[in-house]
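The structure appears below as structure tokens.
The values are calculated or read from the model by the stated rules, or taken from the named source; none is laboratory data. Please read all numbers here as calculations on a predicted model, not as lab measurements. Glycine gets a Cβ as well: all are built from the backbone with ideal geometry, and neighbour counts include every protein chain shown. The protein model used for the area step is the full one, side chains on, heavy atoms only, and it has no ligands, DNA or RNA in it. Shrake-Rupley method; radii C 1.70, N 1.55, O 1.52, S 1.80 Å.
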Amino acid sequence: MSNFFSENFSKLPNSKTSIFAIMSGLANKENALNLSQGFPDFKSDYHLIELVNRAMLNGYNQYAPMPGVYGLREAIAEKFEKLYQEKYNPETEITITAGGTQAIFTAITATVKKGDEVIIFKPAYDCYEPTVELVGGKPIAIQLDPESFKINWEEVKSLINSKTRMVIINSPHNPSGKVLSKEDMQQLEKILKNTNILLISDEVYEHIIFDSQKHESACLYPGLKERTFIIASFGKTFHNTGWKMGYCAAPAYLTTEFRKVHQFNVFSVHHPTQVALATYITNEQNYLNLGNFYQQKRDFFLNLMKESRFKFIPSKGTYFQLLNFSDITNENDFDFAKRLTIENKIATIPISVFNEQNLDTKVLRVCFAKTEETLQKAAEILCKI
Ligand code: PMP
């Protein structure tokens, strides 16, 4: 057997167990409060669960159509029109996926070729880079300033060359909570004009945005929309990350390529859930209140954290908050996060794992998609450190 495992055997030699699995595993073992992985500790809407049950009882238990249940694609197209006054054709431009991760994987696999360069901003969600590497592409990482997380568009411009195939943006941004502005989107639009560079716009936190800001979807910018795969996740919006449901909206010429991979990657995704979501999503109250809902949680948590020695700038979107611990210890963030889990019984994510060369900025990420009771307990622990 060992011959197979020669130096060149692995397609992803640098890929390790994800930090989420490590920290959640440690949290379970240590019986620690788990603020590491990004998922709610409260229930998904009972009505939605009922709709899924009903779809199962009504016989939607065989393969769904390859691109997804038409009624759901139609409802998504209507949502785009209502929120952004932008049209996507449900027949040719929207595909239902097994969550955002599969949509990202499929978009990259369908369009990035060997040797192509893909610009990624760090800290970055952890699936972008390995997927680019898997298809023989070359991730070109830009490390963002650890406090402002602002994109320097001049730097982006300077890295673009004939090999650049794709740029990946994510707003609201995991892990920083930073939101791209209209000016950011216009700058990007200007840079990509007259190029054949594609864009993945990871908008899975589209509705989790605070302080009266507006989500600048890539579809609002014609020079971006024409080259963009918009990625969405129902798990983030409807509190059921374990269902792994999402979608990709992209112009027809891109969706054609996307589906060529999708049909062999998963073919189609969970049928009864799609039937249920087709009904559930038509009630906009089910997603438009999400920003307020999570803003209250952010404020509740940060109000308690004022007493702590952690430093923070309130998150502008997502359900993550960064906490700087440089006034507490010199330890590297991974060791500190491990120690907090074992000694203080609270699990967080060290953000060096999302950074270029694992840059340690003495920052932890916590997830505040939790009940007030959990957040209160977490703040009590963190304020004693
Ligand atoms: N993009 C970002 C930025 C995320 O944070 C996540 C989930 N943590 C995803 C994509 C993947 O979403 P899903 O769970 O629907 O695959």
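Quick notes on this one:
- Qualifying residue in region 23-31 (condition: out of contact with any Leu (no Cβ under 6 Å at 6 or more places or on another chain), closer than 24 Å to Pro272 by Cα and surrounded by fewer than 18 Cβ atoms within 10 Å (Cβ to Cβ)): no
- Flag for Leu364 being open to solvent by less than 20 Å² (accessible area, probe 1.4 Å), modelled with pLDDT of 95 or more, not acidic (Asp, Glu) and not in a helix (DSSP H, G or I): yes
- Ile200 being of a type outside the set (Lys, Arg), farther than 16 Å from Lys79 by Cβ and open to solvent by less than 20 Å² (accessible area, probe 1.4 Å): yes
- Count of region 103-127 residues, restricted to those that are within 19 Å of the chain's Cα centre (by Cα) and away from the ligand (no atom under 11 Å from the Cβ), is 9.
- When region 3-52 is filtered for residues that are of a type in the set (Phe, Trp, Tyr), assigned to a loop (DSSP other than H, G, I, E, B) and more than 22 Å from Asn240 (Cβ to Cβ), only Phe9 remains.
- Yes/no for Val112 being of a type in the set (Val, Ile, Thr), farther than 29 Å from Phe238 by Cα and either open to solvent by 40 Å² or more (accessible area, probe 1.4 Å) or without any contact (Cβ under 8 Å) to a residue 40 or more places away in the chain (or both): no
- Residue identified as assigned to a strand (DSSP E or B), more than 13 Å from the ligand (Cβ to nearest atom), in the same structural domain as Tyr84 (by TED's automatic domain parsing) and open to solvent by less than 10 Å² (accessible area, probe 1.4 Å) among Met185, Met166: Met166
- Which numbered condition Gly100 misses (of (1) open to solvent by less than 20 Å² (accessible area, probe 1.4 Å); (2) over 27 Å from Asp145 (Cβ atoms); (3) within 16 Å of the ligand (Cβ to nearest atom); (4) assigned to a helix (DSSP H, G or I)): (2)
- Pairs are defined by a Cβ separation below 7 Å, a sequence spacing of at least 6 or placement on different chains, a first member in region 345-360 that is more than 20 Å from Lys377 (Cα to Cα) and in a helix (DSSP H, G or I), and a second member that is open to solvent by 10 Å² or more (accessible area, probe 1.4 Å) and basic (Lys, Arg); the pairs so defined are Phe354/Lys122; Glu356/Lys122.
- Among (1) open to solvent by less than 20 Å² (accessible area, probe 1.4 Å); (2) closer than 20 Å to Ala124 by Cβ; (3) within 19 Å of the chain's Cα centre (by Cα), the one test that Lys370 misses: (2)
- One residue from Pro90, Pro139, Pro130 being away from the ligand (no atom under 16 Å from the Cβ) and either surrounded by fewer than 22 Cβ atoms within 10 Å (Cβ to Cβ) or part of a helix (DSSP H, G or I) (or both): Pro90
- Helices (runs of 4 or more DSSP H) wholly inside region 234-325 containing at least 2 residues that are more than 16 Å from the ligand (Cβ to nearest atom): 252-265, 271-280, 285-288, 290-305
- Selection status of Ser201, more than 22 Å from Gly137 (Cβ to Cβ) and either part of a loop (DSSP other than H, G, I, E, B) or within 15 Å of the chain's Cα centre (by Cα) (or both): no
- Selection from region 221-233 of residues that are within 15 Å of the ligand (Cβ to nearest atom) and open to solvent by 10 Å² or more (accessible area, probe 1.4 Å): Ser233
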